[in-house]
Structures are given as C-alpha cells and as structure tokens.
Amino acid sequence: MIEKIQALMNEVGSLTANDEKTLEVLRIKYLSKKGLLNDLMSEFRSVPNEQKREIGQRINELKTSLQDKLNELRANLSQQEEDYSDLDLTRTAYPIKLGTRHPLSIVKNEIINIFSNLGFALADGPEVEDDWHVFSSMNFAEDHPARDMQDTFFVEQKPDIVLRTHTSSIQARVMENSRPPIRVICPGRVYRNEAISARAHCFFHQVEGLYIDKDVSFTDLKQVLLTFAREMFGADTKIRLRPSYFPFTEPSAEMDISCNICGGTGCSFCKHTGWVEILGCGMVDPNVLEANGIDSTIYKGYAFGMGVERITNLKYQVKDLRLFSENDIRFLEEFESAN
Ligand code: PHE
C-alpha cells in the first residue's frame, strides 16, 4: 500500500491543467467520492493496526498535496490572460436601438413649439383636481351633465375630487396665481368616463391656450389659430369657425380646417365635406375672469383647446385610438423618422 501511495504522490507533482475542464477531470479522478483517495481510505480499514499510524499519515499527506496542487492549478488558470487573437477589434459596435418618441409627444411638442414662437409660455397643473378648478371656476352650472359620474371619474365626493376632464383646469390655476397679461399654453392628459373603442378612450390629451390682456378681440383669436393651422398642416390650409357653446367662453366656436387629406375637395375622411374639426375656442366668459379674481371690466381674453390624438390622427391617419396606449413596438417604430 505504501508503494501505491508513493506512486500517487509522484503523479501529483506532474499534474497539469490548461483549462477548467481538465481541472475538473483531475478533481473527479482523485478527490471525488469515487476517486482514488477514497479508494485508499476504504483499503485503509483493513490495514493491520501497527501500520495504521504510518499509512494514515501518508494518506493525509497525499490528500493535502493533491488539494494544494489542484488549488495551484486553478489559480494559474484564472491568471491566464484571455486570448483575443480571433477578435476583430476594428469592427464597428453592434447598433444600439434607441427608443422613439411617442407620436402623441411628437405632435404635442410641435403644437407647443408653434405657440411658444408666438409668445405663449408653458403651464402645468394636477391631473387629480378639485371640483372648483375643473368645473365651478369654469362657469359650469351646478347641474351640468359633465359633473355627472357617467361622464367624470370621481376620486372622492363631498368635497368632490375628480380626474380632470379637460385642461381648462390649468387655466384656472394660472389665473389664480398670476396677473394679466397672461399668455399660456397648457398641455396635459385628461380623463372621461367613456367605454374604450377605436373612437373613444377613457383618457386622452389636450393642449389648451389662454390669452388675457386689455383689448383682446375675437380677431386676435382667429389670427393666432390661422397661423397655428398653417404651421401645423401646411401653408395652404384654410380655417372656418362655426358657432358653438362652452360654459367658459362666450361667444364660442369650433374650428375646422380644410381637409388635409383631400385638400378640401372631399373624401371619406372628411365625410365629403372638405372640412375637419380640430378645436374649440372662444372669448373667455366674464364670469370665468371674475371667478378667478380678474376684473372683467378691464381685461378680456380668449381661450382654445384641442385634442392631441385628434391632431395626430389628422397628421398620421391613425385609425384606432387604442393604438396610442397599447405600446405595440411595431406601431411606435413607424414614427422613428418623425422624431
Ligand atoms: N375644454 C374644452 C374641451 O374639453 C375645449 C375648449 C377649451 C373650448 C378652451 C374652448 C376654449 O372640449
């Protein structure tokens, strides 16, 4: 047995391993449960008592040198430098795909740009709003249907806290916190209690504008909106204003642009009228000015509001509103070049 141990001891000195795999093979061969060291241990049981001491010592020595050797081999392996010779270090890097801006953000930014070039500052407000800023300060009658739960999401009742149904609530916040002249553009997400379909969603986006100063007229409003329409849809775009009603403006109007798809000659998109509606507008109702602490005998103002989804549909012909919030990468990637 002593010779056997000695032979193994000699082997240990000459062990080599160039990779992890060989090292593992060696470990299994010598140190695993079914390895040579364990075989020796089984044999050791039948060694006569008077030899046990010497042989036991030698087996222990063998075990230690095996462990030391394998540890040494392992340490050498991890020190070995990686071989880069088959790598082409001059090759260009893998292209990293950048995200694309969301179509609604692209269009919203475009709208903001046009109006900031006309001198409008940006304003913001909370999406969870109180009744005062969404409805009361905007001259909604106590029993106005918009205050109904069927149209509005209520977060709390009495006092009423709602998800804002329009960005006009930002107008109220601006009037409350600043004095005329006021010239702001208010983009934001709004919520309405609608069943989700291709044509309606429970949330969408608006951009609203407000201008308050002395001697503001409907003509000013019309000129600003014409400039906007031409910047947004092209220099040939025509506008027309139709009388309408909003609680917060008087007189009120809805604005159409000449259909940007057929150029006004009539197509299925504009239902063969040559016109498509894009926004609501009007002169700020004196009640709204007064409710927000602005003297309506000195100041006048105009306001307008548009849906960002609507404008985006007109620019890009997105047929289904749900596409805007589904995050389908195939849809979003179509707007890569518009960024
Ligand atoms: N707030 C109105 C809406 O949600 C739009 C609008 C804003 C109309 C400002 C007139 C003036 O439909």
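Side notes on the structure shown:
- In region 143-200, the residues that are touching a Phe, Trp or Tyr at 6+ places or on another chain (Cβ under 9 Å) and among the aliphatic types (A, V, I, L, M): Ala146, Ile161, Val162, Leu163, Ala172, Ile182, Val184, Ile185, Val190
- Where a residue in region 212-229 is touching a residue at least 12 places away in the same chain (Cβ under 8 Å) and its partner, wherever it lies, is assigned to a helix (DSSP H, G or I) and open to solvent by 10 Å² or more (accessible area, probe 1.4 Å), with Cβ under 6 Å and at least six apart: Phe228/Ile114
- Close contacts from region 260-277, counting a first residue that is in a loop (DSSP other than H, G, I, E, B) and a second that is open to solvent by 80 Å² or more (accessible area, probe 1.4 Å), with Cβ to Cβ under 6 Å and a gap of 6+ residues or different chains, come to Gly266/His272.
- Residue among Arg179, Arg192, Arg173 that alone is in contact with a His (Cβ under 8 Å, 6 or more places away or on another chain), basic (Lys, Arg) and open to solvent by 30 Å² or more (accessible area, probe 1.4 Å): Arg173
- Every residue from region 284-336 that is open to solvent by 80 Å² or more (accessible area, probe 1.4 Å), part of a helix (DSSP H, G or I) and either outside the structural domain of Gly209 (by TED's automatic domain parsing) or of a type in the set (Asp, Glu) (or both): Glu290, Glu326, Glu336
- Region 290-320, residues that are in contact with a Phe, Trp or Tyr (Cβ under 8 Å, 6 or more places away or on another chain) and more than 18 Å from Thr167 (Cβ to Cβ): Leu314, Lys315, Tyr316, Gln317, Val318
- Among the residues of region 2-47, the ones that are in a loop (DSSP other than H, G, I, E, B) and of a type in the set (Val, Ile, Thr) come to 2 in all.
- Just so you know, in region 124-148 the residues that are free of Cβ contacts under 8 Å to residues at least 60 places away in the same chain and part of a helix (DSSP H, G or I) include one that is surrounded by the fewest Cβ atoms within 10 Å (Cβ to Cβ), and it is Pro145.
Residues are listed down the side, and each one gets a yes or a no for (1) farther than 30 Å from Asp295 by Cα; (2) over 21 Å from the mean Cα position of the chain (by Cα); (3) of a type in the set (Asp, Glu); (4) outside the structural domain of Leu225 (by TED's automatic domain parsing):
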| site | (1), (2), (3), (4) |
| --- | --- |
| Lys97 | yes, no, no, yes |
| Glu110 | yes, no, yes, no |
| Phe140 | no, yes, no, no |
| Gln157 | yes, yes, no, no |
| Thr165 | no, yes, no, no |
| Pro180 | no, yes, no, no |
| Ala198 | yes, yes, no, no |
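- Candidates Arg53, Arg101, Arg45: the one that is open to solvent by 100 Å² or more (accessible area, probe 1.4 Å) and touching a residue at least 24 places away in the same chain (Cβ under 8 Å) is Arg101.
- Region 69-91 residues that are among the charged types (D, E, K, R), paired with ones that are surrounded by 10 or more Cβ atoms within 10 Å (Cβ to Cβ) and at pLDDT 75 or above (beta carbon under 7 Å, 6 or more apart): Lys69/Val12; Lys69/Leu15; Arg74/Leu23
The values are calculated or read from the model by the stated rules, or taken from the named source; none is laboratory data. Predicted model only: the values in this text are computed from it and were never measured. Positions of Cβ are backbone-derived with ideal geometry, glycine not excepted, and every protein chain shown enters the neighbour counts. Please note that ligands, DNA and RNA were not included when accessible areas were found on the heavy atoms of the full protein model with its side chains. Shrake-Rupley method; radii C 1.70, N 1.55, O 1.52, S 1.80 Å.
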